[in-house]
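Read the structure below first, then the notes.
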Amino acid sequence: MRGDQLARQWQLIQRLARSRYGVHLDELAEDLGCVRRTVYRDLDALMLAGFPVVSEKRDGRVYYRFLDTFRLGDVPFTPDEILALVFGEDLLRALEGTVFHDSIRSAISKIRAGLSPELAEYLAPRYRSLAINLYGYGETTPWPRGKTQSLDDQVALITAMLDATVGDEPAHIVGHSMGAATALHVGIHYPERCLSVTAAGCGYGSSPDPKVVEETRAASRETAKMFARETMAVSAARYGDGPTRQAHKNKDPRGYAEFVRMLSEHSPEGHALVMENLQAKRPTLWDMEADLRKFKPPLLVLVGDEDEWCVDASIFLRRIAPTAGLCVIPRSGHTITSEEPDKFNAAVSELIAAAEAGRWLAHKP
């Protein structure tokens with residue numbers, strides 16, 4: 001959860017706790033400095049976390065409050081100090097292995113013990129994130145040259161990681177670019193393992209026109225040759241300067257330079273094999289239409305409006321998958337995860353909250 005969301009919801013908790021007779025939605029929106037829709041979403045999040053939020057209708061207006069039995073708890077800190085301590089827990093990693101780490105952790109545990117059960121649960125870590133390196137990326141072994149690789153192999157890697165970390169528990173699956181195609185396949189073949197699926201920057205090479213499909217596959221084969229032939233520094237500079245990354249380059253030169261630097265640290269062999277075996281051969285979204293029409297998990301499709309290769313494909317995906325919602329990030333290209341992280345995270349956070357509350361499709365009869 002992003003800091004501004006947590007801070008705003010903390011203000012909402014305080015406001016509801018102070019009100020004996022309830023607060024109208026317009027008052028909450030004004031107090032929190034946001035729109036009514038955001039307040040609705042935050043109220044849903046609090047109810048999902050176990051807070052006893054109730055609504056009452058008086059004189060044709062709806063008012064929100066906590067049950068009379070609710071208490072924030074009894075600790076010698078202001079609410080803002082409690083929130084700061086919770087954020088500070090993330091800083092403890094630097095002290096791990098020292099006596100200070102254990103002492104601070106013990107102090108925070110005692111503070112939590114004095115909070116109400118609902119508040120203690122709300123301030124607990126909400127999610128555990130697993131960033132999986134696919135074959136050829138990071139420290140994951142590259143795929144053997146000459147051995148056929150498919151998206152099914154990437155899906156098997158994802159499900160094996162889920163088995164080893166969360167067991168049978170379902171998870172929110174988030175993928176970008178090649179990872180988006182993999183995430184869709186996880187949702188198609190293992191819907192029971194998905195609380196939701198996010199497909200961002202999805203659909204390069206997808207088109208109803210066979211000529212366009214072959215042109216993009218040929219481009220991927222040429223890109224594979226570049227990664228195999230050049231140093232990774234040269235390939236990263238060239239590949240990272242593509243048409244759909246110009247928005248990132250122009251509006252955030254420093255962030256773009258960091259993106260290229262990180263890309264240059266990847267395995268050239270890994271990139272070459274992924275381009276050659278996957279991107280140049282994977283099925284298009286149009287090939288997957290029959291499966292996508294039966295897609296079950298809540299699906300968020302995210303795309304930058306200047307990601308020319310993926311805009312039409314994302315619109316197609318929104319129209320075909322029955323559980324899909326489309327979010328277009330303006331003035332953005334393909335690298336939206338690093339180009340517009342706040343907007344990306346806000347959209348995914350909204351999906352997660354709605355999916356867990358069973359409200360992702362609440363707008364449909």
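FYI, it's all coordinate maths here, none of it is from the lab. For clarity, every value in this text was computed on a predicted model and none was experimentally measured. Every residue, glycine among them, receives a Cβ derived from its backbone with ideal geometry; neighbour counts consider all protein chains shown.
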Estimated 222 nm signal from helices in the chain, with DSSP H stretches of n ≥ 4 weighted -39500 (n - 2.57), rounded to 500: -15500 deg cm²/dmol
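Can you list which of the DSSP-assigned H helices in the chain have a Cα extent of 20 Å or more along the long axis and an average Kyte-Doolittle score of at least -0.5?
99-113, 151-165, 341-356
Using the beta-carbon distance between H363 and V328 and R0 = 25 Å, what value does 1/(1 + (r/R0)^6) give for FRET efficiency, to the nearest 0.05?
With a Förster radius of 25 Å, E is 0.90.
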Positive dipole terminus of the chain, leading residue within A171, Y204, S314 (C-beta point charges): S314
Mean Cβ count within 10 Å, highest first, over the residues of peptides 150-157, 34-41, 102-109, 267-274: 267-274, 150-157, 34-41, 102-109
DSSP beta bridges in the chain [antiparallel fraction, %, rounded to 5]: 35 percent
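Find the Cα radius of gyration of the stretch 3-66, compare it with 2.2 N^0.38 Å by division, and give the number to two decimals. Write down the numbers at each step before the final one.
Details: Rg = 10.8 Å, N = 64, 2.2 N^0.38 = 10.7 Å.
Working it through for the stretch 3-66, the quotient is 1.01.
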Top of H172, H248, H266 by mean-square fluctuation, Gaussian network on the chain, Cα under 10 Å: H266
Length added when fully stretched, D68-N345, from 0.36 nm per residue minus Cα-Cα: 96.3 nm
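Could you give the dipole magnitude of the chain about its Cα centre, charging the beta-carbon of Lys and Arg +1 and that of Asp and Glu -1, in debye to the nearest 20? Provide the component values of the computation, followed by the final result.
On the way: 44 positive and 50 negative charges, 92 e Å.
Rounded to the nearest 20 debye, it is 440 debye.
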For G304, distant residues with modelled amide H under 5 Å away: G201, I329
Mean separation of Cα contacts under 8 Å (6+ apart) over length of the chain, as relative contact order %: 15 percent
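So for the chain, if I pair up every lysine 8 or more residues apart or on another chain, how many of those pairs have alpha-carbons under 20 Å apart? Before the final figure, lay out the partial values.
Values: K147/K225; K147/K281; K211/K281; K225/K281; K249/K343; K251/K343; K294/K364; K296/K364.
For the chain, qualifying lysine pairs total 8.
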Kirkwood hydrodynamic radius of the chain, from inverse mean 1/r over distinct Cα pairs, in Å: 23.0 Å
Under 5 Å, built H, 5+ apart or other chain: amide partners of G325: L299, L300, V301
P(r) weight above 18 Å for the stretch 205-301, C-alpha pairs, percent: 59 percent
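Which value, to two decimals, describes the C-alpha radius of gyration of the stretch 151-356 once divided by 2.2 N^0.38 Å? Can you show the working numbers first?
Working: Rg = 16.6 Å, N = 206, 2.2 N^0.38 = 16.7 Å.
Compared with the compact-globule rule of thumb, the stretch 151-356 sits at 1.00.
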